[in-house]
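Here the structure comes first, spelled out in structure tokens, and everything after it is commentary.
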Amino acid sequence: MHMDPRRSPPGVRLGAGTLIDDDVHLGNEAGASGRSKGLEIGRGAVIRSGSSVFDGVRIGDRLATGHNVSIGENTVIGSDCHIGSNSIIAAGCTIGDRVHIDANCYIAESTTIEDDARVAPGVYMANDPHPGSKSDLCRRGPTIERGAQIGMNVTILPFVTIGERSLVGAGSVVTRNVAAGLVVVGNPARVLKSVTQVTCPLDLPDGDYLRRREER
């Protein structure tokens with residue numbers, strides 16, 4: 001259905017041209033503090049059925065979701081992002097512009113994903129370095145820097161930083177920081193080579209991996 005922004009639920013602001021399917025939950029009556037913080041979704045968004053976008057979320061223009069996506073409280077998402085079906089973005093995350101998160105991913109609370117990063121299906125990001133602790137003071141998700149590419153079924157542990165335009169191979173478990181421009185693979189993930197050495201016989205010229213998508 002096409003939800004008229006003028007008829008959106010109380011505390012929810014929708015940009016022009018936003019399309020909201022049936023069976024989508026937007027906002028809530030009150031946040032954890034007992035008072036609603038509101039919800040903002042920019043222009044041209046498409047939110048598909050089964051999805052929930054909670055209180056305090058701020059989203060830029062042209063977000064597209066699959067089905068059954070959850071976006072937790074107080075998360076901030078930039079423009080031109082995609083979140084695939086059955087993915088969960090937990091509370092308090094910061095996601096930049098042009099970020100692509102594929103299906104069946106879990107992005108832990110307090111994770112940062114910068115502009116132009118891509119997260120393949122089945123990626124899990126953790127934020128608790130010692131599960132079972134009674135304190136939440138040391139919880140923080142990973143930081144995925146600009147243009148980094150995370151392969152399918154990767155697990156990234158708390159506090160880890162994935163450097164700018166680095167590449168994490170499918171199935172890897174990342175337990176420590178990855179410097180910018182490196183390819184890492186394995187469990188635990190180890191450096192394989194530089195991304196300048198990534199080649200493709202079909203459509204990737206030498207060194208092209210490091211270029212921004214809009215420059216290609």
Extend 7 Å from the Cα of Val173 along its Cα-to-C-beta direction; within region 110-132, residues with backbone N under 20 Å of that point are 120-132
Per the C-alpha gyration tensor (a ≥ b ≥ c, the square roots of its eigenvalues), region 100-196 is rounded if a/c is under 1.5, else prolate if a/b beats b/c, else oblate; here it's prolate
Along the dipole axis of the chain (charges at Cβ: +1 for Lys and Arg, -1 for Asp and Glu; origin at the Cα centre), the most positive-end residue among Thr175, Ser79, Ala103 is Thr175
With Ile144 itself left out, Lys, Arg at +1 and Asp, Glu at -1 over residues whose Cβ is under 15 Å from its Cβ give -2
For region 114-156, using Cα atoms only, the Rg and Dmax in Å read 12.5, 36
In a Gaussian network model of the chain with springs linking alpha carbons closer than 10 Å, the residue among Leu192, Leu167, Leu19 that fluctuates most is Leu192
Using alpha-carbon positions, the gyration tensor of region 10-114 gives root eigenvalues a ≥ b ≥ c; with a/c under 1.5 called rounded, otherwise prolate if a/b exceeds b/c, else oblate, the class is rounded
Among Val46, Val198, Val184, the residue with the largest mean-square fluctuation in a Gaussian network model of the chain built from Cα contacts under 10 Å is Val198
Computed about the Cα centre, the charge dipole of the chain from +1 Lys/Arg and -1 Asp/Glu charges at the Cβ has a magnitude in debye, to the nearest 20, of 340 debye
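Read-outs throughout are calculated quantities, based only on the coordinates presented, and are distinct from any laboratory measurement. Every value quoted in this text rests on a predicted model; they were computed, and no experiment measured them. With ideal geometry, Cβ positions are generated from the backbone for all residues, glycine too; neighbour counts draw on all protein chains shown.
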